[in-house]
1. Could you report the chain's accessible area per residue, 1.4 Å probe, as an integer in Å²?
2. Rounded to the nearest 500, what is the 222 nm mean residue ellipticity of the chain from helices alone, with -39500 (n - 2.57) per DSSP H run of 4+ residues and division by all residues?
3. How much of the accessible area of the chain, in percent, comes from carbon and sulfur atoms when a 1.4 Å probe is used?
4. Could you pull out the pairs from K233/K651; K49/K530; K385/K687; K629/K651 whose alpha carbons sit more than 31 Å apart here?
5. Between V97 and N51, what FRET efficiency follows from the Cβ-Cβ distance if R0 is 30 Å, with the result rounded to 0.05?
6. Would you pull out the residues with amide H under 5 Å of R453's amide H, same chain only if 5 or more places away, H placed 1.01 Å from N?
7. Which whole-Hz couplings ³J(HN,Hα) result when phi for each residue of region 482-496 is put into the Karplus expression 6.51 cos²θ - 1.76 cosθ + 1.60, θ = phi - 60°, listed in order with x for Gly and Pro?
8. Roughly how much of E597 is accessible, in Å² to the nearest 10, using a 1.4 Å probe?
Amino acid sequence: MYNSILKKITRAAGALALPVVAALSSCVAEPDDSNLYTFTGQTIEDFLKVNDDFSNFNYILTRSGYDRVLSTYGTYTCFAPTNEAVDRYVDSLWNDVESVDENNQLLHNGMTEPSLEGLTDSLCLDIAQYHLANIVVNSVTMSGAGTTILTMLGRSITTSVATNGSTVLNDEAAITSADNEMVNGMVHVIDKVIPRSNRLLGNEINRNGDYEIFYQALELTGLLDLINGATEKPQEFTYPSTTLTPNETAIFNSYTCKIGYTIFAVSDDVLHNVYGIDTLPDLIEYANKVYAHAADKGTGWYDYYRNNNATISTGADYTDSLNALNMLMRYHVIRGAYNRDVLAYNHNVVAANSDYGTTGDAYDYYETLLPKTLLKTWYVQSEGKTYINRWVANNSLTNQVQGRGTADMHPLRMRGTNVELTAALEPINGYVYPVDSILVYGAAVADGALFERIRVDYLTCLPELASNGYRGMNQTVLASLNNGVGRARFRVPVDYFDNVRVFNGNNTTIDINCPADPDADGANDYLLYKGDSFQGVGEFDLAIKLPPVPDGQYELRLDITLGGDYFGMMQFYLGNSSELADLSPVDIPLDFRMKPEDPRLGCTTLCGNNERYLTDLSSTATDEYKEDKGLASDQAMKTRGWMRAALDYWKQSYTGAGAPARFANYSVRRVITKRQFNQEDVWMRIKTVLQGSSKYQIDYIEFCPVDIADNQQYLEDMY
């Protein structure tokens with residue numbers, strides 16, 4: 001259960017943003033006396049009080065009430081700006097030329113005078129909360145590629161390493177003294193107040209100045225109104241029955257739901273240097289050229305519009321969803337505020353490993369605002385870069401028994417668009433990432449980059465998680481929100497997600513399984529793709545919206561964890577809406593209580609092994625497996641509609657030793673159906689056929705083109 005402070009979260013403070021937030025409207029509740037500092041050694045507040053360099057920041061903490069919080073038992077990280085840094089920030093607020101009235105007179109951000117005492121209570125609260133986190137973050141965590149830290153304000157800060165080796169917060173505030181360890185956490189001294197923006201997405205893009213043409217196009221197409229619009233869902237939510245609450249699930253009893261977006265923005269410099277585009281009319285001309293024939297009969301590649309007999313417009317109504325410029329701009333926007341750590345989330349992805357042929361690359365797929373289209377993100381570990389719509393030929397096929405195949409069968413067809421993750425703008429309702437080329441949903445994407453086995457972590461299909469700080473939240477952060485009590489998952493209202501519909505109210509619950517903190521060596525991690533999953537318990541009956549794919553014949557696959565009596569027997573249905581009348585049953589119910597050695601699985605050799613993991617193939621594998629890498633049993637399983645799990649992921653705790661999910665005898669995939677899927681809405685209903693409470697879980701979903709699954713020349717790879 002949330003602790004008493006978290007229950008005071010208010011709508012005005014953006015309650016759902018997970019917080020830690022503890023956004024206490026204008027002050028902090030009195031700490032519980034039982035938690036007060038009663039031991040020797042310094043608390044964070046002691047450290048700040050005895051060091052004159054932090055008297056300004058401590059004044060802000062005192063005004064907001066957080067001096068009392070930092071005097072208690074707990075686990076906190078404090079980024080403490082020096083007096084000089086606070087003075088500069090106060091001056092910038094007072095002289096802010098953007099804080100003006102209708103007569104262009106300075107409003108000074110509401111300050112009453114150019115001094116600490118002139119700060120408002122709300123400014124003190126914002127500054128305090130944005131410099132505090134409810135977990136300990138040390139310099140090791142912030143080194144390398146950096147990390148994203150959720151603050152008590154409910155908004156994140158990102159860390160990076162400058163060329164001089166210093167750690168920098170939000171690209172500006174540098175840590176000058178790190179890892180000052182206190183009895184209740186860690187203090188890092190910084191040379192600036194951490195910059196944050198309270199602007200909306202469109203306003204932040206406009207203010208930046210590097211994206212004038214892109215901004216004009218957002219305005220002309222009407223997308224500016226969307227991204228500068230509602231920042232919170234208006235409805236109240238329905239909470240699940242607490243009688244079905246497992247002891248290991250955290251329940252958040254009160255929240256709102258933030259709305260956010262991620263925008264891939266093309267700068268004026270890129271438009272000019274790469275495309276020769278210098279004006280908005282130039283961009284309109286480019287959009288007309290690339291999209292005018294996208295829906296043509298016979299030759300068009302945009303199946304959704306082509307199937308619906310749509311005619312692409314090159315006219316002047318740019319707000320029309322069929323207008324070429326409108327289409328171009330929509331493909332640059334996805335729902336959900338995805339921070340850089342989860343855009344191509346690689347938790348549990350097997351690092352580059354010659355024994356298994358793994359590369360350490362991570363993939364994900366996002367539905368854009370261009371109707372029924374996907375874009376693919378691909379983190380290339382060898383380059384340390386993330387690309388959009390990178391295309392490698394035969395990406396899911398191999399000419400080897402175990403391995404990705406020889407290099408000659410995987411030429412790079414399209415490098416993809418590089419995303420500058422560390423240069424993101426971070427307005428209040430999302431992220432803006434600079435990209436080095438225009439994103440186009442063209443034939444090379446529909447028929448090339450997306451013609452592969454599309455494996456989607458289902459939590460990626462739930463943008464509300466990203467917008468509210470949940471995607472990638474590990475169990476350590478979850479514990480900080482749960483009164484310090486460790487939990488592996490948390491529960492959300494049954495009507496929280498747009499892409500989920502529950503049919504039987506309190507008889508179905510929705511839980512989100514969290515990955516373990518990598519610093520804990522994954523001791524509490526699960527064998528899950530990216531370490532997280534969508535799951536629940538009850539006499540469940542719900543439907544989930546699947547990601548859209550280009551027209552084609554596909555195998556639809558679902559990951560399955562076998563052998564637990566608490567798992568149920570499920571009937572699957574498919575349809576083009578979430579209405580019960582539109583959902584038709586697929587095959588017969590599947591019993592997920594089967595043991596790995598069940599003959600219905602068809603798994604010989606390795607899968608019948610009683611070992612949970614095969615940690616040393618050279619010494620413990622059967623001769624049969626060592627000879628054919630399990631290919632014979634793969635074929636026996638596939639005949640029955642089953643597959644082993646993928647070779648690309650494992651538990652975080654096995655990054656130094658152990659084996660990928662393919663060698664876990666209880667982790668498999670099920671081919672739900674093989675059929676034609678068109679580029680349209682597809683919903684899958686999951687209903688238990690058993691009485692009493694049981695469990696369901698959806699980790700990832702796969703759409704595999706039949707031309708890959710049943711390829712006559714190559715094998716579908718094991719990854």
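The values are calculated or read from the model by the stated rules, or taken from the named source; none is laboratory data. Just so it is clear, the structure is predicted and the values come from calculations on it, not from any experiment. Cβ: placed from backbone, ideal geometry, glycine included. Neighbour counts: every protein chain shown. Ligands, DNA and RNA are excluded from the accessible area calculation, which covers all protein heavy atoms including side chains. Shrake-Rupley method; radii C 1.70, N 1.55, O 1.52, S 1.80 Å.
1. Values: 27740 Å² over 719 residues.
On a per-residue basis, 39 Å².
2. Estimated from H runs of four or more residues: -5000 deg cm²/dmol.
3. Summing carbon and sulfur atoms, their accessible area is 46 percent of the total for the chain.
4. On the way: K233/K651 35 Å; K49/K530 42 Å; K385/K687 41 Å; K629/K651 21 Å.
Violating the 31 Å limit, Cα to Cα: K233/K651; K49/K530; K385/K687.
5. On the way: r = 34 Å, r/R0 = 1.12.
Efficiency, rounded to the nearest 0.05: 0.35.
6. When sequence neighbours closer than 5 places are left aside, the close amide H contacts are S396.
7. Values, residue by residue: 10, 6, x, 8, x, 9, 9, 8, 9, 9, 10, x, 6, 10, 6 Hz.
8. 110 Å²
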